Each structure stands twice: as structure tokens, then as C-alpha cells.
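Here the structure comes first, spelled out in C-alpha cells, and everything after it is commentary.
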Ligand SMILES: Nc1ncnc2c1ncn2[C@@H]1O[C@H](COP(=O)(O)OP(=O)(O)OP(=O)(O)O)[C@@H](O)[C@H]1O
Ligand SMILES: [Mg+2]
């Protein structure tokens, strides 16, 4: 007869304990979200994988601590190993354009020079560093800056009649700068702008992406309209400077995207600090009832990184500025996950379940 061990740890006991652990953004338990995978029990040793909705998840530490606390209540467990994996849920839409993109994030502002391109580039790099598949589309057709900031000035030759995106720092990117000479000015009218943006979405071999970041030109004009009409955007990040006057321009951008039915993901304050002050970003977010993702300091390293084609998140990875970008990227990714998993307030478990 086999000897029974009354203290044997069972799968049921582990899952029951894990079903008391709440995913802090989605407010549901890890088991009903199907986030606990590959459970292995070997005597008192318990190993499992938590399947996240983004590799950039800002709350891994909390989830791990909560899991360990819950499992500490289960008799017989002597050791817990938590592993991580992720599957970014797909933003559901019916458009043919953007099928390869799990999510799309536009970066916008009411006016020029506030740091949209800088935020786009460092957001893309920060997400790529976590292991996400990231693309960056330079939708500033007339004033493209992305290739310079990303340190690459040519794109690879086309393949199968599609443009092949350039790639650096783990990010794929495309820009009309690749198609023009530096001394050439582009004078394009509305319909041409529209078709250019469409081409950069459709005629480029992007492959499968978790996040497509779109760097918009300043203002509330044709490019914003074209983008929103060509493909359903998961949401927009609004960049503002810290002064009250700047927030007025950003408010116009928020109102425009609301009119276009594009969700506002939240607000980033850029160039924050002694010189321009602080606070307008947070106020703007509060008064529009959207998240405030945080502030990026006014920092010469950020400008130098942009000018040199080696962004601060690459050449000064441990600097406070790079850390600020990484923290903000994680908050944006988490917000995108929540948005893609919610449909008008109803929870729709999509393919993270698969
Ligand atoms: N936090 C920062 N600290 C210091 N310099 C910054 C910061 N953010 C952006 N810059 C610099 O400010 C200038 C404008 O930034 P950027 O080109 O990103 O703005 P933009 O909003 O994309 O402008 P445009 O509206 O012309 O597209 C750049 O030289 C950039 O390096
Ligand atoms: Mg720009």
C-alpha cells in the first residue's frame, strides 16, 4: 500500500490560494484572469508562471509579494518560484489597417516643440527594453525627426514590394525623412498627407508588433484627423510643458481626440523642473479626469541624446531621466492593457486567455 502524505500540496490548494490574489489594474483575481500558468508541484516546491498583459508591467513586485503571502497560508509549501511571461492583448477593431499591431499609441500635443518626438523615441525604447515588440511611425510627414533621433538615416531596401522599417535600439521605425533629401522641403496638401500616413501604416513590412507608437506633428490638424480615420487608435498620450499657457494648448488636443473618439490614455509633463516649473500636466490630467503618468525633467542629456541619435534611455540608462521614461512607459503600457481588455466598462477577456 502507498503511504499517503497528508501534507501533500495539491494543485487545487495552490490555485485556491492564487484566486485570492488580485491583479491591481484589472481588479480581478489572477486565476479567473487565467494568468497562472505552468503550475508544477514537486513535494513542497511550487513553481508557476504569471502571464502578464505587458512585459512592461509596473506592478510585478506587488503581484509577486501578494502571491507569496497567499501561498504562505497553504500547508506543506516550502519554496515558491515565480516566473514571468506576457502576452499583450489585442485592441479589437474591424479595420484591415493595423491588423499586425496589438495596440497603437499616438503621442500628441497642442503645439510644437514640447517634446513629442523625444517622448515617442524614449517611450518606444523603454518598452522595447522590457522585451515588447515595438514600432515607431514618424507621422510628422513635413518635419520628420525620428531617424535623426534614432541615429539612422537610411532604411533597408524594399522587400516584396514593401518598405522595410529601419531598426535600432530594439525599435523598428519608418519616416518620410528616409524618402527626402535633407535640403528638400515637402509641400504636401491634405489628401497627399492622408495617403502618406496610410502608406506608412500599410506599405511597410512591420511584422507583428505589441505597440506601434505614432509621433504626431504639432497641432490639431490634418495629420491627426488622417491617422484617426485610417486606423482605430488604442489611445493618445498628451505631452505638455509644465507652464499654465502650455496646458491650454494641450487641452485643445484633448478635446480634438475626444471628438475623434480616440481615448486619451493620459498626460505626460515634459521639461519639468526649476526653469519652466512643474504642475500643469498633473492639473490638466485631473481636470480632464485622465491619468497623469508623470514628469520628465528638463535635462540637457535628453536634448544631447536626441541630437546625437543616441537617446538618453540608451546612453545614460541609469540616469533619473531614463528612469522617468521607463516608469512612464510602464504606466502607459498598463493603461493600454486595461483599455484593450475593457469594452465600455465590461470586461472582455481576449487573447491573454488563449
Ligand atoms: N525633457 C527635455 N529636456 C531637455 N530638452 C528636451 C526635453 N524634451 C525635449 N527636448 C528638446 O527639445 C527640442 C524639441 O523636442 P521635440 O523635437 O521632441 O519636440 P516636438 O514636440 O516633437 O517638436 P515638433 O512639434 O517640432 O515636432 C529638441 O531639441 C529636444 O531634444
Ligand atoms: Mg516632433
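Every read-out reported here was derived from the displayed coordinates using simple, explicitly stated rules and does not represent laboratory data. What you are looking at is a predicted structure, and each value in this text was computed from that prediction instead of being measured. Positions of Cβ are generated from backbone atoms using ideal geometry, with glycine treated the same way; all protein chains shown enter the neighbour counts.
Side notes on the structure shown:
- The fewest-to-most ranking of 60, 99 by surrounding Cβ atoms within 10 Å reads 99, 60.
- For the pair residue 99 and residue 323, label points projected 7 Å from Cα toward Cβ lie 4.5 nm apart.
- Convex hull of region 62-208 built on C-alpha atoms - directionally averaged projected area, nm²: 13.1
- For the pair residue 289 and residue 303, the difference between a 0.36 nm per residue extended length and the Cα-Cα distance amounts to 2.0 nm.
- Residues 161, 102, sorted so that the one with the fewest Cβ neighbours within 10 Å comes first: 161, 102
- Per-residue ellipticity at 222 nm computed for the chain from its helices equals -10000 deg cm²/dmol, with DSSP H segments shorter than 4 residues left out and the rest contributing -39,500 (n - 2.57).
- Placing pseudo-labels 7 Å out from each Cα toward the beta carbon at residue 34 and residue 15 gives an inter-label distance of 1.3 nm.
- In degrees, nearest ten, helix 116-129 long axis to first principal axis of the chain (Cα): 30
- The antiparallel fraction among DSSP beta bridges confined to region 11-86 stands at about 45%.
- Under the shape rule built on the C-alpha gyration tensor, where the axes satisfy a ≥ b ≥ c, region 236-346 is oblate, since a/c reaches at least 1.5 while a/b does not exceed b/c.
- The modelled label-to-label distance between residue 69 and residue 92, using points 7 Å beyond Cα along the C-beta direction, is 3.3 nm.
- Cα-based helix-to-principal-axis angle, 244-259 vs the chain, degrees rounded to 10: 70
- Diffusion coefficient, µm² s⁻¹, Stokes-Einstein with Kirkwood Rh over alpha-carbon pairs of the chain at 20 °C and 1.002 mPa s: 99
- Hull shadow area, averaged, region 11-86 [alpha-carbon convex hull, nm²]: 4.3
- Nearest 10 degrees, 0 to 90: helix 190-202 Cα axis against the chain principal axis: 30
- Here 37, 198 are placed in order of increasing Cβ neighbour count within 10 Å, fewest first, which gives 37, 198.
- Whole-angstrom gap from region 66-91 to region 132-155, using each part's C-alpha centre: 39
- Beta bridges assigned by DSSP with both partners in the chain are antiparallel in approximately 25 percent of cases.
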